[in-house]
Amino acid sequence: MLKDITHQSFESIIGETVDLEAGDDHFRARVQEVNLLRAHRLHVRQPFSVILLADDTADHGQRVYQVSHPTLGVLDLFAVPIGPGMEGMCYEIVFN
């Protein structure tokens, strides 16, 4: 379940690949980093962001993707392209 996902969930798979799929669009990306965000007293969990590096330089756009990984399962997550990296397009997913 999405409510059970924490920054530790993604920190444990840094360097591993996830699959992203939305309709006919499918690509792979590597979990690059996890960043803790400032918490508000109303947050149930520690807010964080995940940076993914796609295996290509195409801009697949911002949208909800089915993100799949053997440990995490399949999650519907909103990913936003934040610009090209040295090896491919970078995407950010924010959890708050």
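Read-outs: derived from the displayed coordinates by stated rules, not from any lab. Since the structure is predicted, the reported quantities are computational estimates derived from the model, not experimental observations.
Points to keep in mind about this one:
- Theoretical gain in end-to-end length, GLU87 to SER68 [0.36 nm per residue, Cα-Cα removed]: 4.7 nm
- Annotation: amide H-H contacts under 5 Å for ALA58 (H modelled 1.01 Å from N, sequence separation of 5 or more, or interchain): MET89.
- Here the 3J(HN,Hα) profile of the range 28-33, calculated from phi with Karplus coefficients 6.51, -1.76 and 1.60 at θ = phi - 60°, is 10, 8, 9, 6, 8, 7 Hz, Gly and Pro shown as x.
- Computed over the Cα atoms of the chain, pair by distinct pair, the Kirkwood hydrodynamic radius stands at 13.5 angstrom.
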